[in-house]
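> Attaching a single structure in structure tokens format; questions to follow.
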Protein chains: 2
Amino acid sequence: MKNTPVTLKAIAQELNISLSTVSRALRGMPEVRADTRAAVHRLAAELDYLPNQLATSLAHSRTKTIGVLMPSLSYHFYSALLNSIEEAAMQAGYSVLVCQANESHLREITNIQNLMRSQVEGFLIALARDTDSYEHIERLTRKNIPLVLFDRYAEGIAASKVVIDNHAAAFNATEHLIANGCQTIGFLAGPPHLLISNQRVAGYQAALARHGLHARPEHLLHCDFTPENAVAQTLKLMSQRPAPDGLLVVSDRIAFPAMYVLRQEGIRIPEDLAIASFNNEPYAALQSPGLTSVSQPIQEMGFETVRLLLKQLNAESEQLPLETKVLQTQLVVRESSLRNGSN
Amino acid sequence: MKNTPVTLKAIAQELNISLSTVSRALRGMPEVRADTRAAVHRLAAELDYLPNQLATSLAHSRTKTIGVLMPSLSYHFYSALLNSIEEAAMQAGYSVLVCQANESHLREITNIQNLMRSQVEGFLIALARDTDSYEHIERLTRKNIPLVLFDRYAEGIAASKVVIDNHAAAFNATEHLIANGCQTIGFLAGPPHLLISNQRVAGYQAALARHGLHARPEHLLHCDFTPENAVAQTLKLMSQRPAPDGLLVVSDRIAFPAMYVLRQEGIRIPEDLAIASFNNEPYAALQSPGLTSVSQPIQEMGFETVRLLLKQLNAESEQLPLETKVLQTQLVVRESSLRNGSN
DNA sequence: CTGTTAGCGCCTTCAG
DNA sequence: CTGAAGGCGCTAACAG
């Protein structure tokens, strides 16, 4: 026997009062007599009543929900970011609907549609690795749907965003390698169309130029973020002549497999090859040697992202000026890039 | 100007036909004339119509959604599991609503409530670390709400579950250490009330007993899964006399920091201390030395979990017999536990 | 083949 | 302070 769902109507009938009175009592509206309110609450508790959120949202035409689109939750960076986003959203009284694109452009598109169908009031998006056109995002902005991009964005999308200064961070990290005696610095980059990767490449190249070092194209290799590919590209890079004595990596996710295979190959870090990377995942500190890495303010990024979205959600006017929040990063220096002889 | 949401009614008015005809046309019901169907589809596409899922679900009293409750998505194991669950659910035409408890009992309770309010049709749950009473879960089973526990379960909950044989896996791993010459084997366990941890402890102790080795209580230490605590407990364990020459760890999440601090301390792996662990996360292979670890069939676990839930969702009778699916694990042997001299 | 009606569970006027 | 009525967007009989 299927127990009939406990609804406002059920409670009302049981108590021989009207449905609307029950609704008011349960929502703590002041104009309900104390004893009927008490009776309602008692019965509701007893029956374990939970409001049907679908119905509430439908009636309100308001879900108090925001959609979050992540490239992949298997990256520690994004799952950590999700935590801060969830917390910030909760504090503001919003729920979060999370989707992962699994780095796929197609999946990103269907995820956005699903979130739209679920009537999310706004979007928080970091682009998937494979996303190389942006009509699905622009469709959102055209409809004036509140949207904030974070971390992985793209140029030309008319949306607010929360990002770091990738160019500057890469510039600094490269200078750090140079200061530690590196003369021939390689770069393991992300996919060629990934903007934040390209910005980091540009910063790296600018630093080389600034210090009169030659940026050799054969020392710039692209990776797709899989460990296998990272290993392969690392080996390829090290087979170039002259071999690099320094290495900047676009992400710890690539740096870890790289360090692994370098150890296998008997290449000493940092003596033969100094390494610096991005994201400063917890595991970077647990490497031997510890991995020098650009730390991103994950907590702040999550909070800022939500803050910018809330601003749009609460805005009176439709056309809010776009904002770009650039967060500060910090190079966390560990042994992987420290050479005794230099600096 | 806020663009009025595009609804069935809007399309119907524009086309001067009835709302239900539009509905039928859009859902591909056969009894609609070809040309009106075409007109409807054209306009819907033009207006970028997306059905309001809240309304659809309300009308159907059916959300085709299952709630997934994870201890934390920052653990690679669980985010990988989520991927396979999402895939299996999608194949069956279900959406997934994910929550993370952040290892908190309280958060787990509120997450369940939120998912109930969202009218999920069933639950997939792995218990949070801090969960040590189960009324919130039993409330679900009492209401006959479809539920499958996976990985982290508890005894006495009347629910189907998908698990591994923790006792056997720990027994095997311990025997493997013994075969590699370990005489004094320590165990870094999880929190004292975590069933799967206790099962692993029992398996470890059984293996020791089987081989006539003494299970010293001072060689069994509990960790809370934070890296800091893992480091502290590792140091504490190694300060015991006699010092262990073998170590079993309840999870790679604890083994990684442990290996790190052991290296810091100049303790050689596996020469001084052979190590084996659980979960076989991708980083286990990237460690130096590679970490021997019990591999769980993540994909299969996700699929089985969904399959058992679907069975309940599609069941005619209310009271389906409970099922427990025990999946096979495999000890992936790497250098961390291999000693040349022994075996 | 199409329109009308009622209803999913809840909220919100508007009367009383 | 309480009840009745209408509506949120959609589906599902029931007529025609």
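> Scaled to the compact-protein estimate 2.2 N^0.38 Å, what is the alpha-carbon radius of gyration of the protein assembly as shown, rounded to two decimal places?
Numbers: Rg = 28.1 Å, N = 686, 2.2 N^0.38 = 26.3 Å.
With N residues counted in the protein assembly as shown, Rg over 2.2 N^0.38 Å equals 1.07.
> Averaged across A:77-87, how many Cβ atoms of other chains sit within 10 Å of each residue's Cβ atom? Could you put the intermediate results ahead of the total?
Working: counts 0, 3, 9, 2, 0, 5, 5, 0, 0, 4, 1.
Mean number of neighbouring Cβ atoms from other chains: 3.
> I would also like to ask the following. Would you pull out the residues with amide H under 5 Å of B:VAL162's amide H, same chain only if 5 or more places away, H placed 1.01 Å from N?
B:LEU149, B:PHE150, B:ASP151, B:LYS325
> Which of A:VAL326, A:VAL120, A:VAL249, A:VAL6 has the fewest other C-beta atoms within 10 Å, and how do the rest follow up to the most?
Details: A:VAL326 13, A:VAL120 23, A:VAL249 29, A:VAL6 17.
Neighbour counts put them in this order, fewest first: A:VAL326, A:VAL6, A:VAL120, A:VAL249.
> List the lysines whose Cα lies under 25 Å from the Cα of A:LYS161, skipping any in the same chain that are fewer than 8 positions away.
Cross-link targets: A:LYS64, A:LYS143, A:LYS311, A:LYS325, B:LYS2.
> Of the options B:ALA128, B:SER20, B:ALA315, report the single residue whose Cα projects farthest towards the positive end of the charge dipole of the protein assembly as shown (beta-carbon charges: Lys, Arg +1; Asp, Glu -1).
Ranked along the dipole, the leading option is B:SER20.
> Then there's this: For the protein assembly as shown, with the dipole built from +1 on Lys and Arg beta-carbon atoms and -1 on Asp and Glu ones, taken about the Cα centre, which of A:ALA159, B:THR56, A:HIS214 lies farthest toward the positive end?
Farthest along the dipole direction, towards plus: B:THR56.
> Next question, about the same structure. Please report, for A:GLU228, the nm distances (one decimal) from its label point, 7 Å out from Cα along the beta-carbon direction, to the equivalent points in the remaining copies, shortest first.
For A:GLU228, the inter-copy label distances come out at 4.0 nm.
> Where the centre of each part is set by its Cα atoms, how far does the stretch B:226-274 sit from the stretch B:110-182, in angstrom?
Value for the Cα centre distance between the two parts: 28 Å.
> Hey, another quick one. Using only Cα atoms, find the angle between the long axis of helix B:34-47 and the longest principal axis of chain B, and express it within 0 to 90 degrees, rounded to the nearest 10.
Once rounded, one gets 60 degrees.
> Relative to the longest principal axis of the C-alpha atoms of chain A, give the angle of the C-alpha long axis of helix A:252-264, reported between 0 and 90° and rounded to the nearest 10°.
With both axes taken from Cα atoms, the answer is about 40 degrees.
> Across the stretch B:52-65, in residue order, what do the Karplus-derived ³J(HN,Hα) couplings come to in whole Hz, using 6.51 cos²θ - 1.76 cosθ + 1.60 with θ = phi - 60° and x for Gly and Pro?
Calculated HN-Hα couplings, in order: 7, 5, 4, 5, 4, 5, 4, 5, 7, 6, 6, 9, 6, 9 Hz.
> If you don't mind, another one. Give me a comma-separated list of calculated 3J(HN,Hα) values for the stretch A:202-216, in order, Karplus coefficients 6.51, -1.76, 1.60 applied at θ = phi - 60°, integers in Hz, x for any Gly or Pro.
Using θ = phi - 60°, the values come out as 4, x, 4, 5, 5, 5, 4, 4, 4, 9, x, 9, 8, 8, 7 Hz.
> Would you mind telling me which residue in B:LEU58, B:LEU124, B:LEU50 has the biggest mean-square fluctuation in a Gaussian network model of chain B, where springs connect alpha carbons within a distance under 10 angstrom?
Checking each option, the largest mean-square fluctuation is seen for B:LEU50.
> If you don't mind, there's one more thing I want to ask. Among DSSP beta bridges lying fully in chain A, give the percent that are antiparallel, nearest 5. Please list the in-between numbers first.
Numbers: 3 of 37 bridges.
Approximately 10 percent, going by the DSSP bridge assignments.
> For A:GLY190, list long-range residues whose amide hydrogen, built 1.01 Å from N in the peptide plane, is under 5 Å from its own amide hydrogen.
It is A:CYS223, by chain and number.
> Another question, if that's okay. Which of B:SER337, A:SER197 comes first, and how do the rest follow, when ranked by fewest Cβ neighbours within 10 Å? Kindly include the intermediate steps, with their values, before the conclusion.
Numbers: B:SER337 28, A:SER197 24.
With the sparsest Cβ surroundings first, the list reads A:SER197, B:SER337.
> Tell me, what ³J(HN,Hα) does each residue in the stretch A:319-324 have, in order and in whole Hz, if you take phi through Karplus 6.51 cos²θ - 1.76 cosθ + 1.60 with θ = phi - 60° and put x for Gly and Pro?
For the stretch A:319-324, the Karplus curve yields 9, 7, x, 6, 10, 10 Hz.
> Please average, across the residues of A:281-288, the number of beta carbons from any other chain that are within 10 Å of each residue's own beta carbon, and give a whole number.
Numbers: counts 0, 5, 6, 0, 3, 12, 7, 6.
Across A:281-288, the average partner-chain Cβ count within 10 Å equals 5.
> Something else now. Given H placed 1.01 Å from N in the peptide plane, which residues other than close sequence neighbours of B:GLN119 have an amide H under 5 Å from its amide H?
Counting only residues 5 or more places away or on other chains, the set is A:GLN53.
> Need one word for the stretch A:162-232: rounded, prolate or oblate. Basis is the Cα gyration tensor (sqrt eigenvalues a ≥ b ≥ c); a/c below 1.5 gives rounded, then a/b vs b/c decides.
Details: a/c = 1.94, a/b = 1.28, b/c = 1.52.
In terms of gyration-tensor shape, oblate.
> Can you give the angle from 0 to 90° between the axis of helix A:227-238 and the longest principal axis of chain A, with both taken from C-alpha atoms, to the nearest 10?
It is inclined by approximately 20 degrees.
> Relative contact order for chain B: what percent, with Cα pairs under 8 Å and sequence separation of 6 or more? Present the calculation step by step, with values, prior to reporting the outcome.
On the way: 591 pairs, mean separation 55.7, N = 343.
Computed value for chain B: 16 percent relative contact order.
No value in this document is a laboratory result; all are computed from the given coordinates. Just so it is clear, the model here is predicted, and its values are computed rather than measured. With ideal geometry, Cβ positions are generated from the backbone for all residues, glycine too; neighbour counts draw on all protein chains shown.
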